[in-house]
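Okay, so here's the structure we're looking at.
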Amino acid sequence: MAQQWRIGTYLRIRPSRKQTTKSYALSGKTPSTIVFPILPASLDTRSSLKQREIQEFKYSRVFDHDVDQECVFNHVCIDIINSALEGYNGTILAYGQTGSGKTFTITGGESYQERGIIPRTISALFEAFEARYDVNYRCYISYLEIYNESIYDLLDKAHLNQPIDQWTKIHLQLSDDDEDDVHFRNLGVYEANSEEDALNLLFLGNVNRVTSDTPMNMASSRSHSIFTILIESRRENSDLVLHSKLHIVDLAGSERVYKRDGSERMRNEGRCINLSLHHLEQVILALQQRKAKGSKPHVPYRNSMLTSVLRGSLGGNCKSVFIGTLNPESEYVDESISTCRFLLRCSEVALDIHVNQDLDSDSQIALLMKENNKLKLEKAALEENCAHQIELNAQLQAQLFADKSLQPLTEIERDVCEKLVDRYLTAELADTDTLKIIQHLGMAHAIECLRLMKNSLIFASNTAAEAQEMLQIQDERLRDLEIRLLEQKNDAEKLKHHVVQLSQHINELETQEIPASEDEGWSESDAESEKVHSAESSPHKPHASTSIISLAPKGESASDSIKRRMELLKQGGIFIKHGRQGKPHARFVWCSSDLQYLSYRPVGSQSPMIQIPTASLQALVCGQTTKVFQRKGDPLRSEFSFSILYDDSKRSLDLEVDEGESIERNRLKCNEWMEALQFLIKWKSAQRNQPPMKK
Ligand SMILES: Nc1ncnc2c1ncn2[C@@H]1O[C@H](COP(=O)(O)OP(=O)(O)OP(=O)(O)O)[C@@H](O)[C@H]1O
């Protein structure tokens, strides 16, 4: 339960260094009031600063110059120490002009009797730890100083032989709303198991502390120091652990040194000290107003490092006592009055205090586990509830969509769906974007989109089936073409073989001896005699067998002449073919490339109509003399007609040249063909009469 605590204020006057008139008077048996009378003008060494009226201040107790350390300690500290042992935070702070005895009061003088508050507190605590055998105590110590607005660890042994500018700075962490929540991130905290341990730590810190010679003090503290004792206690068979912090603070003294001294470093130190003390006054003023008005005005703790560090002691959960120290000499009366005024303001600050107690760690763990189990159960219940809510939500949404889907879509809405599906299928829209849009549009649109997708799928699968079918047909065609190509290749091979054979025959013929009689074969002399004979006889008279004009170019060899004639036969030509029945028809007549067949076919057709083996050809007859010609023949065309007799002359192929009006062209063609055919017939007849060749 919280109690109120007014900051305790004490005044201590140090012994005078010189035989001067003292500036004050005390009243009461155990004095608690100090009075500053009006000083005579002769003592007014610093004129304007001197008070022009009587000043009187009342405190818990005023210790005159002859009061020893033990008395001060007993009056000021015992209650705070006992409270710390019971779990209350406490602060003992010395404030005053430089050289007024702060360090003497807090740390002590040179002799054992002059021991200050810190060593006496340590002794008292360890005595109490010993005496209270039913309570387990643990004690931890830290010691810091604030120098030029930076915090340093006085217990860091690494600092012993180093200048302060190479020391590691301590980082301070403050919470905005809790005045007691002050943490030092890298400050060393050491456990002291005995009075000796604790005194050694104090000694180490004092060695490290920054002091300088000043005109007022040969070993003036240039920093604010805070010696902190953390006490942890637990009564036997109890789950409760008490924690308390006891701060013992030695402030640097307010002064005018920096105005007098030429050293830059000291001026800077003085400026920082005075500024931080000024902010301390501002904080006390704000706290005083807070009490007076009952309101909660802003307290400017953060304006200086000193007030930031001490804010728990000034406005938090702490039993704080302040000792103001005075120089007794009249020349310092202004500083003394100033100290008294500050102390008076402090006495009006009230703090809410309470015991700091916690469960021990085992009990805390047990408690936390219990809490944890409870939270787990709550979580499971919440999850169940959440699942139920999700289900409900899903049902509601389904209902909502169902309602939406009942409304038929308009033409424009269907158009929107069509475009959306198009864009989705052409990958213009990402999956997630499409889903978002559909979600936004509602269930009716979603159904329409699904329908459109289904249609697209059916169309795509039909198209694929058709394409498959077409592929199969193409495959079959390809296979047919391959078969035909193979056949044609075989035909080509056969033809090639025949050509080779024919060429061999021709070569053989060319190398054969010329037959003696006309009936036995064909010769160049035959050709020559034919030319002469033809020239002598009438060109118009129908003539059996050889009565034609040779059209061989002059100087042409016999073999060239034969080749040319055979080529003519192979190339073929169009004739009017007369038959035993029907009208004469135009027919294409030609010899096969191996000269084995004489064929004809209708003009424009590819396949032969009739094939006559050339081995069966008997004779060639000029003009229209056969029975076939007599049936539908034209005597005027007789000159351009001829008949090929075959099958032992029982049959004939009756052809009429039809090269238009030109007599010359008709005659030329007729003669060329007759000459070629005559040679073919003679050659075939020679082959027939030849004995078979030995292989
Ligand atoms: N009550 C006292 N009895 C005997 N000597 C004292 C007393 N108070 C102070 N002194 C002596 O006065 C000198 C200055 O005192 P001290 O260093 O404690 O002053 P201070 O207020 O801490 O000064 P600063 O602010 O400069 O550190 C020291 O030599 C100290 O021993």
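Compared with the dominant principal axis of the Cα atoms in the chain, helix 443-511 is inclined by about 40°.
When the C-alpha to C-alpha distance is required to be over 29 Å, the pairs from K58/K169; K245/K376; K496/K650; K18/K58; K494/K669 that qualify are K58/K169; K245/K376; K496/K650; K494/K669. Helix 264-293 and the longest principal axis of the C-alpha atoms of the chain enclose an angle of approximately 80°. Entry comment: accessible area of segment 3-359 is 45 Å² per residue, from protein heavy atoms only and a probe of 1.4 Å. Around the amide H of H224, modelled in the peptide plane, lie the amide H atoms of I146, A252, all under 5 Å away and 5 or more residues distant in sequence or on another chain. Spin-label model, R6 to L275: label points 7 Å out along the Cα-to-beta-carbon direction sit 3.5 nm apart. Add -39500 (n - 2.57) for each DSSP H run of 4 or more in the chain, then divide by its residues: what number comes out at 222 nm, to the nearest 500 deg cm²/dmol? Rounded to the nearest 500, the figure is -15000 deg cm²/dmol. Summarising the strand pairing of segment 3-359, around 70 percent of its internal DSSP beta bridges are antiparallel. Compared with the alpha-carbon gap, the fully stretched path from M470 to S503 is longer by 7.1 nm at 0.36 nm per residue.
Given H placed 1.01 Å from N in the peptide plane, which residues other than close sequence neighbours of R12 have an amide H under 5 Å from its amide H? Under 5 Å from the amide H of R12 lie the amide H atoms of F63, G324, T325, L326, each far enough along the sequence or on another chain.
Here the calculated FRET efficiency for D181 and S461, from their Cβ-Cβ distance with R0 = 60 Å, stands at 0.25, rounded to the nearest 0.05. The 3J(HN,Hα) values that the Karplus relation (6.51, -1.76, 1.60; θ = phi - 60°) gives for segment 328-342 are, in residue order, x, 5, 5, 5, 9, 4, 4, 4, 4, 4, 4, 4, 4, 4, 4 Hz. Gly and Pro appear as x. Once the Cα-Cα distance is subtracted from the 0.36 nm per residue extended length, the S150 to K18 segment shows a gain of 43.9 nm.
What the phi angles of segment 202-207 give under the Karplus curve with 6.51, -1.76 and 1.60, with θ = phi - 60°, is a coupling list of 4, 4, 4, x, 5, 5 Hz, glycine and proline written as x.
Taking the C-alpha atoms only, the angle from helix 663-689 to the longest principal axis of the chain is near 80 degrees. Compute the whole-percent fraction of alpha carbon pairs in segment 3-359 spaced more than 37 Å apart. I get 16 percent for the Cα pairs in segment 3-359 exceeding 37 Å. Kirkwood radius, segment 367-494, all distinct C-alpha pairs, inverse of mean reciprocal distance: 20.8 Å.
In this structure the amide hydrogen of S320, modeled in the peptide plane, comes within under 5 Å of the amide hydrogens of G8, T91, none closer than 5 places in sequence on its chain.
Residues in segment 564-578 carry Karplus couplings, in order, of 4, 5, 5, 4, 4, 5, 5, 5, x, x, 8, 10, 8, 9, 8 Hz; the curve used is 6.51 cos²θ - 1.76 cosθ + 1.60 with θ = phi - 60°, and Gly or Pro positions show x. Overall size of the chain from C-alpha positions, given as principal axis extents largest first: 191, 70, 55 Å. Share of carbon and sulfur in the accessible area of segment 285-338 stands at 49%, probe radius 1.4 Å.
The values are calculated or read from the model by the stated rules, or taken from the named source; none is laboratory data. Treat the numbers as computed from the prediction; the structure is a model and nothing was measured. Positions of Cβ are generated from backbone atoms using ideal geometry, with glycine treated the same way; all protein chains shown enter the neighbour counts. Heads up: the accessible areas ignore ligands, DNA and RNA and are worked out on the full protein's heavy atoms, side chains in. Shrake-Rupley method; radii C 1.70, N 1.55, O 1.52, S 1.80 Å.
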